[in-house]
Amino acid sequence: MSNSEDALSYPPIDPDHFDLIIVGTGLSESVIAAAASAVGKTVLHLDHNSFYGSHFASLSLEELTSYLNSHSLPALPSNATTAASNDDPNHVVVDLIRQPLYSDVEIVSRDSDDEDVKLLRENSRKFNVDLGGPRALFSAGKSIDLLLKSGAAQYLEFKGIDESLVYQANEGLVNVPDSRGAIFRDKSLSLKEKNQLMRFFKLVQQHLSFDDGKNESGEGHRISEEDLESPFVSFLEKMRLPPKIKSIILYAIAMVDYDQDNNDVCKDLLKTKDGIDRLAQYSSSVGRFPNAPGALLYPIYGEGELPQAFCRRAAVKGCIYVLRMTVISVLMDKVTGFYKGVRLASGQNLYSHQLILDPSITISSPPSFFPRDFPTERLQMLSDRDIKGMVARGICITRSSIKPDVSNLSIVYPPRSLYPEQVTSIRALQIGSNLAVCPGGTFVLYLSTLCTEADEGKKLLKAAMDAHLSLPVTGNSESIPFDQSDGQNTKPVVVWSAFYIQNITMSKLESVSSTPSPDGNLSYNHLLDAAEKLFGQMYPQEEFFPKTTSPEDTTDDDDNGITLES
């Protein structure tokens with residue numbers, strides 16, 4: 001990681017001792033910065049980028065292209081230094097390296113000089129494109145609760161996702177029947193299917209009311225412990241739900257990733273108790289806010305607004321922010337090997353009790369020429385990264401909506417809905433210009449799916465795109481030809497697209513800790529759980545965002561804390 005002219009021009013940071021130094025302004029890092037600042041910790045928050053958000057940022061097309069290309073380069077060679085500086089003889093200086101999260105980046109734009117391409121070229125910087133999409137928030141999910149509790153909600157505005165759709169192999173796109181009214185209005189369901197679905201939702205509601213102590217009449221019954229511990233797919237079969245309804249519940253409401261009917265490929269078999277919890281979250285999210293009738297919300301200006309909101313909250317509580325500042329090394333105690341501080345690209349040394357690193361930054365593996373008595377096993381432990389898997393991501397810009405007259409919509413493609421070998425769900429989110437992420441008359445479509453290799457991931461994404469879009473044919477990229485259907489059935493044409501593979505890394509707690517990378521989920525629940533867990537391990541005696549009545553806290557702990565435009 002090289003020094004930058006910007007970093008060299010910065011005056012020294014004062015003070016130079018902190019409770020916590022955080023490198024990277026991604027969502028998890030920003031949440032922890034706000035939480036630590038809220039309990040009185042002194043926090044320094046650094047980022048080598050010129051913008052907030054890191055891997056959760058919303059960027060212009062030019063910025064996105066540059067970021068993906070620069071962050072998909074091979075890892076720099078390990079070149080840790082061992083010389084303790086003259087003014088700090090007690091420390092060993094160990095270089096940091098960037099391990100790219102991204103690979104197989106493929107960016108395609110139309111070659112022609114028509115009006116669509118001209119509009120794109122002239123408005124390139126008017127896009128706010130999410131790097132880690134597709135992402136949305138459940139109206140009754142923990143993301144909204146945390147925004148309200150922390151006070152970060154006052155810096156955000158949201159709109160509801162207009163429709164949630166699921167792709168059926170023989171029917172195309174159908175609405176997710178997520179409420180009693182939606183079930184009865186759904187023309188794709190037969191009367192028998194509507195009754196079966198209503199009976200199942202009633203059973204789940206009765207079970208939840210027993211758990212909440214709200215079932216005063218005593219009618220109905222709880223789901224047995226044996227059933228709760230069984231696979232959710234088995235419980236749905238026990239309820240004699242037809243395959244179509246079972247698929248909608250598993251993949252469009254419970255948001256399961258892997259084919260639950262195929263034990264050979266399913267890496268994560270959902271238990272019934274967890275499936276019931278996910279149904280409860282979805283059901284309670286529908287209509288929670290009057291001007292967002294569906295289950296999902298999306299922040300105006302893009303997901304990059306979320307980490308910025310927590311950064312603003314942290315700054316109010318005293319956190320110091322410095323962008324365009326690269327941390328090049330860590331300082332380790334020469335005797336014990338414990339972390340002591342960091343060295344900036346400006347040459348300044350800073351010290352802290354704890355250090356948190358962006359998931360793409362790690363410590364160099366210890367070379368053989370370290371001092372004889374230096375405990376290199378600690379460095380090896382700190383340099384290891386837990387890579388859980390990969391997610392394929394796609395971004396498409398079109399001039400028309402997948403569904404006429406609907407700007408913002410989500411789509412789930414369950415396993416085997418596109419082709420027989422499809423073993424994972426594919427999620428898509430289309431966002432229009434009314435959310436201020438693209439110029440008028442354009443739409444941004446995000447897609448993602450878990451995969452084990454790049455070719456498999458891109459095949460899945462392009463199969464989903466081919467179901468609804470016309471992809472440009474170029475000489476540089478394997479593409480699916482235009483759909484030549486006529487009249488009103490003409491597919492929206494893609495004028496720009498990006499595909500890339502991203503490693504999924506887990507968080508780790510040490511004296512030098514790391515946060516998780518964006519995962520393959522639609523919601524932020526797992527990422528926020530990881531942030532809260534990491535905070536609790538670092539500061540076990542402190543509350544995660546204690547309630548405060550200080551003057552700057554203008555957000556009450558109720559639904560009014562989220563501003564939703566009609």
Legend entry - Matching residues in the stretch 329-344 - criterion: being assigned to a loop (DSSP other than H, G, I, E, B) and at negative phi: 334, 335, 336, 338
Inset, instruction - Would you check if there is a residue in the stretch 311-328 being assigned to a loop (DSSP other than H, G, I, E, B), modelled with pLDDT under 90 and surrounded by fewer than 19 Cβ atoms within 10 Å (Cβ to Cβ)? - result: no
Inset, instruction - Considering (1) open to solvent by 60 Å² or more (accessible area, probe 1.4 Å); (2) more than 25 Å from residue 145 (Cα to Cα), say which one residue 342 fails and leave the rest. - result: (1)
Inset, instruction - Identify, from the list 300, 320, the residue that is of a type in the set (Val, Ile, Thr) and within 23 Å of the chain's Cα centre (by Cα). - result: 300
Inset, instruction - Being open to solvent by 10 Å² or more (accessible area, probe 1.4 Å), assigned to a helix (DSSP H, G or I) and of a type outside the set (S, T, N, Q) is the filter here, so list the residues in the stretch 300-310 that pass it. - result: 305
Legend entry - Filtered residues of the stretch 404-448 (kept if touching a Cys at 6+ places or on another chain (Cβ under 6 Å) and within 30 Å of residue 261 (Cα to Cα)): 445
Inset, instruction - Inspect all residues belonging to the stretch 162-176 and state whether any of them is crowded, with 17+ Cβ neighbours inside 10 Å, hydroxyl-bearing (Ser, Thr, Tyr) and either in contact with a Lys or Arg (Cβ under 7 Å, 6 or more places away or on another chain) or within 30 Å of residue 301 (Cβ to Cβ) (or both). - result: yes
Inset, instruction - Test residue 284 against the criterion of being assigned to a helix (DSSP H, G or I), surrounded by fewer than 20 Cβ atoms within 10 Å (Cβ to Cβ) and in contact with a strand residue (DSSP E or B) (Cβ under 9 Å, 6 or more places away or on another chain), and give yes or no. - result: yes
Legend entry - Hey, residue 192 open to solvent by 20 Å² or more (accessible area, probe 1.4 Å) and closer than 17 Å to residue 282 by Cβ or not: no
Inset, instruction - Please name all residue pairs, on different chains or six or more residues apart, with Cβ atoms under 7 Å, provided the first residue is in the stretch 91-111 and is under 30 Å from residue 470 (Cβ atoms) and the second residue is in a strand (DSSP E or B) and polar (S, T, N, Q). - result: 102/502; 108/497
Inset, instruction - Tell me, please, whether a residue that is at pLDDT below 95, among the charged types (D, E, K, R), open to solvent by 10 Å² or more (accessible area, probe 1.4 Å) and within 30 Å of residue 334 (Cβ to Cβ) can be found in the stretch 386-408. - result: yes
Legend entry - Of all residues in the stretch 49-67 being buried (at least 22 other Cβ atoms within 10 Å of the Cβ) and assigned to a loop (DSSP other than H, G, I, E, B), the one that is farthest from the chain's Cα centre (by Cα): 52
Legend entry - Residue check, residue 157 open to solvent by 60 Å² or more (accessible area, probe 1.4 Å) and of a type in the set (D, E, K, R): yes
Legend entry - Qualifying position, being modelled with pLDDT of 95 or more, open to solvent by 20 Å² or more (accessible area, probe 1.4 Å) and not acidic (Asp, Glu), among 39, 43, 31: 39
Inset, instruction - Collect the residues in the stretch 496-516 that are farther than 16 Å from residue 461 by Cα and either without any contact (Cβ under 8 Å) to a residue 60 or more places away in the chain or assigned to a strand (DSSP E or B) (or both), keeping them in residue-number order. - result: 503, 504, 505, 508, 509, 512, 513, 514
Inset, instruction - Could you check the stretch 107-188 for helices (runs of 4 or more DSSP H) lying wholly inside it with 1 or more residues that are touching a Ser or Thr at 6+ places or on another chain (Cβ under 8 Å) and at pLDDT below 95? - result: 115-122, 142-150
Legend entry - Meets criteria (in a helix (DSSP H, G or I) and within 13 Å of residue 158 (Cα to Cα)) for residue 297: no
Inset, instruction - Could you give me the residue pairs with C-beta distances under 7 Å whose first residue belongs to the stretch 241-266 and is closer than 20 Å to residue 164 by Cα and in a loop (DSSP other than H, G, I, E, B), whose second residue is of a type in the set (Asp, Glu) and open to solvent by 10 Å² or more (accessible area, probe 1.4 Å) wherever it lies, and which are 6+ apart or on separate chains? - result: 257/268
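The values are calculated or read from the model by the stated rules, or taken from the named source; none is laboratory data. Since the model is a prediction, treat every value here as computed from it, not as a measurement. No Cβ is skipped: glycine too gets one built from the backbone with ideal geometry, and neighbour counts run over all protein chains shown. All accessible areas refer to the heavy atoms of the entire protein, side chains included, with ligands and DNA or RNA removed. Shrake-Rupley method; radii C 1.70, N 1.55, O 1.52, S 1.80 Å.
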